[in-house]
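Below is one structure, written out as structure tokens; the observations come after it.
The values are calculated or read from the model by the stated rules, or taken from the named source; none is laboratory data. Quantities reported herein were computed from a predicted structural model and do not represent experimental measurements. Here the Cβ positions follow ideal geometry from the backbone for every residue, glycine too, while neighbour counts run over all protein chains shown. Side chains included, ligands, DNA and RNA excluded: accessible areas come from the protein's heavy atoms. Shrake-Rupley method; radii C 1.70, N 1.55, O 1.52, S 1.80 Å.
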Amino acid sequence: MALYVQKYGGTSVGSVERIEAVAEKVKGFRERGDDIVVVVSAMSGETNRLIGLANEIQEHPDKREMDVLVSTGEQVTIALLAMALKKRGVDARSYTGGQVRILTDSAHTKARIQDIETTRMRADLEAGRVVIVAGFQGVDDHGNITTLGRGGSDTTGVALAAALKADECQIYTDVDGVYTTDPRVVAGAQRLDKITFEEMLEMASLGSKVLQIRSVEFAGKYHVPLRVLSSFQDGPGTLITIEDDETVEKPIISGIAFNRDEAKLTVMGVPDIPGVASRILGPISRENIEVDMIVQNVSADQTTDFTFTVHRNDFERAQNILEQVVTELGARGCSGNSKIAKVSIVGVGMRSHAGVASKMFDALAAENINIQMISTSEIKVSVVIAEKYMELAVRALHTAFNLDKGETVCE
Ligand code: ADP
Ligand code: ASP
Ligand code: MG
């Protein structure tokens with residue numbers, strides 16, 4: 001008998017039939033004697049629909065009210081799932097984030113969980129009930145409803161598992177695990193039996209939306225055993241592992257992530273003197289715009305070009321700021337490009353293998369894909385390329401690093 005926190009995503013509860021199927025699955029676990037806490041997302045498309053309604057009123061609505069609005073999606077699914085379980089003779093109770101006291105800070109639309117009150121959940125579990133909690137939402141110190149950022153139900157699941165010291169946090173979704181890359185883009189992608197937290201964190205940060213970044217951070221920090229599985233079919237899924245067994249041979253590359261959410265900005269002809277980077281990026285960060293990759297060229301004539309990337313939603317704002325900066329710095333001008341994509345290879349095996357980056361660059365060159373920017377860390381190499389070549393690049397790299405189905409991704 002174990003305690004599992006099971007999170008079911010939007011597609012997994014996307015219709016009444018799907019909710020009934022989840023209820024059947026949960027009933028199966030209860031019959032085997034396991035204690036179950038379920039976290040559900042809103043029905044697929046619902047959160048987008050709600051955001052769309054708000055945007056019909058205002059482009060940037062008040063964030064507190066936005067949270068009151070978007071948190072309703074999950075309130076629908078918790079109640080429906082509780083009904084479907086009770087219909088099957090399985091005792092269950094649904095709770096909003098505020099009711100179980102998932103306490104967060106007050107950063108509306110991207111709040112962070114600070115504390116979780118477990119008394120009520122424990123009492124229900126002891127009474128033999130399935131506890132159903134609305135994902136993605138919490139409450140701040142003042143009783144305001146907050147939400148945790150898109151994809152935040154993953155984080156609710158992991159945080160509840162940590163607070164309840166569950167045996168495993170199971171993230172049920174519409175694919176049967178974490179793949180070498182998005183299986184919707186590369187048909188030959190393979191499911192991984194295991195992936196380390198470090199790799200999963202990089203994959204999530206670099207664009208693989210299968211898990212919200214914060215959920216992986218949380219699981220790593222609190223040592224929550226985490227597994228990604230399909231709610232549509234049975235199978236072992238993918239275990240996110242902490243231990244890094246030195247004796248086992250690792251694949252050089254575990255996965256390929258990609259992201260078309262960024263845009264690139266360049267300030268041209270900047271005087272090559274101390275303090276320039278801070279004079280360019282200072283005003284950007286003061287506007288709360290996050291900068292990802294940065295490249296500064298070597299100067300030829302005492303001036304240099306300075307390029308960086310931001311989220312595409314911040315592109316226009318960043319461009320407006322730079323126009324001001326260009327005048328102040330006496331730079332030659334600025335340019336921007338939002339039709340870019342970032343493609344990254346990730347793997348802990350990189351640490352012990354030389355030549356990974358050059359193999360990546362060779363594979364891209366063979367497809368005539370120009371690399372605009374490069375950034376590396378110990379376990380990843382990222383490149384910025386033209387958006388139109390993104391899928392070609394991912395497929396080429398998937399093949400070059402022997403990740404296609406039929407090849408062995410060693411463990
Ligand atoms: P949910 O609604 O269950 O939270 P998401 O849409 O957030 O599901 O995440 C699952 C999706 O993540 C899959 O349908 C898949 O297209 C995408 N995905 C991206 N990269 C990967 C990867 N490396 N492995 C598996 N799925 C991935
Ligand atoms: N419903 C929220 C979203 O669509 C949270 C989640 O699904 O995890 O982002
Ligand atoms: Mg998700």
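For the stretch 172-186, the condition of being away from ligand 1 (no atom under 11 Å from the Cβ) and either under 19 Å from the mean Cα position of the chain (by Cα) or not aromatic (Phe, Trp, Tyr) (or both) holds for none of the residues. Scanning the stretch 52-64 turns up at least one residue that is more than 12 Å from ligand 1 (Cβ to nearest atom) and touching a Pro at 6+ places or on another chain (Cβ under 9 Å). Looking at the stretch 299-411, the strands (runs of 3 or more DSSP E) lying wholly inside it that each contain 1 or more residues that are on the phi < 0 side of the Ramachandran plot and in contact with a Gly (Cβ under 7 Å, 6 or more places away or on another chain) sit at 303-311, 340-346. Selection within the stretch 26-49: residues that are assigned to a helix (DSSP H, G or I) and within 16 Å of ligand 3 (Cβ to nearest atom). The member of this set that is surrounded by the fewest Cβ atoms within 10 Å (Cβ to Cβ) is 48. Taken together, 34, 67 contain a single residue that is under 20 Å from the mean Cα position of the chain (by Cα) and away from ligand 1 (no atom under 16 Å from the Cβ), which is 67. Elements of the type strands (runs of 3 or more DSSP E) sitting completely within the stretch 72-124 and holding at least 2 residues that are in the same structural domain as residue 44 (by TED's automatic domain parsing) and more than 22 Å from the chain's Cα centre (by Cα): these cover 92-95.
Let's see how each residue does on (1) open to solvent by less than 50 Å² (accessible area, probe 1.4 Å); (2) more than 15 Å from residue 273 (Cα to Cα):
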| site | (1), (2) |
| --- | --- |
| 301 | no, no |
| 310 | yes, yes |
| 313 | no, yes |
| 317 | no, yes |
| 331 | yes, no |
| 334 | yes, yes |
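The set of residues in the stretch 26-62 that are of a type in the set (D, E, K, R) and within 30 Å of residue 91 (Cβ to Cβ) comprises 27, 30, 31, 32, 34, 35, 46. Scanning the stretch 1-25 for residues being touching a residue at least 60 places away in the same chain (Cβ under 8 Å), away from ligand 1 (no atom under 16 Å from the Cβ) and part of a helix (DSSP H, G or I) gives a total of 4.
Looking at the structure I just gave you, is residue 76 of a type in the set (Val, Ile, Thr) and surrounded by fewer than 21 Cβ atoms within 10 Å (Cβ to Cβ)? Full working, then the answer.
On the way: of a type in the set (Val, Ile, Thr): yes; surrounded by fewer than 21 Cβ atoms within 10 Å (Cβ to Cβ): yes.
Here the answer is yes, as residue 76 does meet what is asked.
Within the stretch 236-246, how many residues are in a strand (DSSP E or B) and more than 11 Å from ligand 1 (Cβ to nearest atom)?
Looking only at that region, the number is 3.
Scanning the stretch 165-188 for residues that are over 19 Å from residue 242 (Cα atoms), surrounded by fewer than 23 Cβ atoms within 10 Å (Cβ to Cβ) and more than 16 Å from ligand 2 (Cβ to nearest atom) gives 176, 182, 183, 184, 185, 186, 187, 188.
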